[in-house]
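To start, the structure under review is shown below, and the notes come after it.
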Amino acid sequence: MRWYIRNMTDSHSLSKKPLKVAVLVSGSGSNLQVLIDAMNAGSLPIEIVGVISNVKEAYAVTRAQQAGIATAVFSHITEGENAGKRMGIKTFERHAGAQLNEWQPDLVVLAGFMRVLSDDFISGSPAPMINLHPSLLPKYKGLDTHQRVLESSDAHHGCSVHVVTAELDAGQVLTQAMLAVDHSESAEELQARVQKLEHQVLPWTILLIAQGALNLKAINENADAAPYLPALPLKLWLNSQIAR
Ligand code: GAR
C-alpha cells in the first residue's frame, strides 16, 4: 500500500497545511455539506480538493459546485448510444482513479457513496479511504440498516467511520457514535437521528486524522498497533443532544 498520513511528529497541525480531502458521494450530500461548512468556518483544517459522484443528479454535486469545489461525475447509468446501460464498476474505477491521481488528496472520504469498490482500486488509491456507515459496525453491514435495527430488539444504534477495504463495511472501525433506539419510531425518523450523529462524528474523525492522532498507515498495517491512542475505537455518546 502506498498510503501515507503524517503522524504526530510531522503532523498537519504542526505544518498548518490543510489535509487535502477528496469526497466520494452518491446522494444528498448532507455530510459533505457539514465538511464544506466546517472547512469554510476554519474549524476543520482541510481543503476539499474535489468531489466525485457516481450519480449525475446527486444533490451533493450541486452542493460542491455552489461551494466552488471541483466535481467529477462518472454516472453508473450511461447515456448516448448505450443509454440506460449500467457502467461497470471497473469503468467507474478507471475514471475515478485517474481523477484522484490528478487531485492527489491526502485522504479519500466516502460520504454516502453507494457502490462497492474493488481491492485494486482501494490499494491503488493515492490516499487512504474512510467510509461513513449508518450502523454500529460490525453489526448491520450493507443496506437498510435502520429498518433492520427496528426489526431487531437492539437497544442502541448509530454510525461508524471505518477504513475502507475490499470487504464490504469490514475495515477497522475508527470512531462510532450511538443513540438509544425507540422501537416505536419509523425507519425514516431513526435515520434522521443517526444522520445528526454522522454530522458530528465524521468531521471529528477527520480532525483526528488531520492532527495525526489517528494514523491510518499504522492502522492499515496492523490494526492492533496504534499505541498512542490505545482507547480507539472511540465511542461517543451523543444521545442527550438528539433524544426523541
Ligand atoms: C449517510 O447516512 C451514510 O451513512 C449512508 O448514506 C447517507 C448519505 O447521506 N451511507 C451508506 O449507507 C454507505 N453504505 P448524505 O448524502 O446526506 O451525506
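Computed from the coordinates by the stated procedures, all read-outs in this text should not be read as laboratory data. Here the structure is a predicted model, which means the values were calculated and not measured. Note: ideal-geometry Cβ built from the backbone for every residue, glycine included; neighbour counts use all protein chains shown.
Remind me, relative contact order of segment 92-162 in percent, using alpha carbon pairs under 8 angstrom and six or more residues apart? Mind showing how you got there, number by number?
Working: 71 pairs, mean separation 21.7, N = 71.
31 percent.
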Practice task
Net charge near A111: determine it from the other residues with C-beta under 12 Å of the C-beta of A111, scoring Lys and Arg +1 and Asp and Glu -1.
Solution key: 0
Exercise for the section: Take the alpha carbon atoms of segment 156-223, find their radius of gyration, then divide it by 2.2 N^0.38 Å using N residues; give the quotient. Expected result: 1.28
Practice task
Just tell me which aspartates and glutamates come within less than 12 Å, Cα to Cα, of K17; anything on the same chain fewer than 8 places away is out.
Solution key: E47, D106
